[in-house]
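J.: Attaching a single structure in structure tokens format; questions to follow.
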């Protein structure tokens, strides 16, 4: 079954694939307290899905997101079409500083979820770089319709990256379990 699944899911859907891409040369804060690693920081992206869920939870806590059950976060990552993490590496120390994932119909559409960048690394161009990497990866899979949901305070950020409200004025609709 693994052979057939790989044919239909493509390489980015496999949990065993991992690519690392160096982030563009951006202003990166030196967060090191160890003099031996000061100034030798590098930022890179990875599509490896083997992410420490506790480290991801710490990242989400740092930006003030509500906690979610780790078993559900794990399941969401496993069932995502694309997972991209952003890492800071200083010497042998590696730290998760950004994350995003996307779901897809594997043909036309993808929706981006859970875009998060650690506050120490915000306003440095890294959120933009992360989103550019997400779009690049989705486009490489021939996905032409990329959507996302944005909180009001980040709508302008996504607008500067080329995301627009639906030009035909279509409003999203949502179904939630009733509280009754």
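Read the figures in this text as sums done on the coordinates, not as results from a lab. Owing to the predicted nature of the structure, the values given are computational and were not obtained by experimental measurement. Cβ coordinates were reconstructed from backbone atoms using ideal geometry, including for glycine residues, and neighbour counts include every protein chain displayed.
J.: Can you give me the Cα centroid spacing of the range 41-71 and the range 90-134 in angstrom?
T.: If you average the Cα positions of each part, the centres end up 10 Å apart.
J.: Can you pull the one-decimal nm distance between simple spin-label points at residue 154 and residue 174, each 7 Å off the Cα toward Cβ?
T.: Going from the residue 154 label point to the residue 174 one covers 1.4 nm.
J.: So how do 147, 103 line up by other beta-carbon neighbours within 10 Å, fewest first?
T.: Starting with the residue having the fewest Cβ neighbours, the order is 147, 103.
J.: For each of 80, 100, count neighbouring Cβ atoms within 10 Å of the residue's Cβ, then give the residues from fewest to most.
T.: 80, 100
J.: Sorted by mean Cβ packing within 10 Å, highest first, what order do the peptides 90-96, 44-50 take?
T.: Result, highest mean Cβ count within 10 Å first: 44-50, 90-96.
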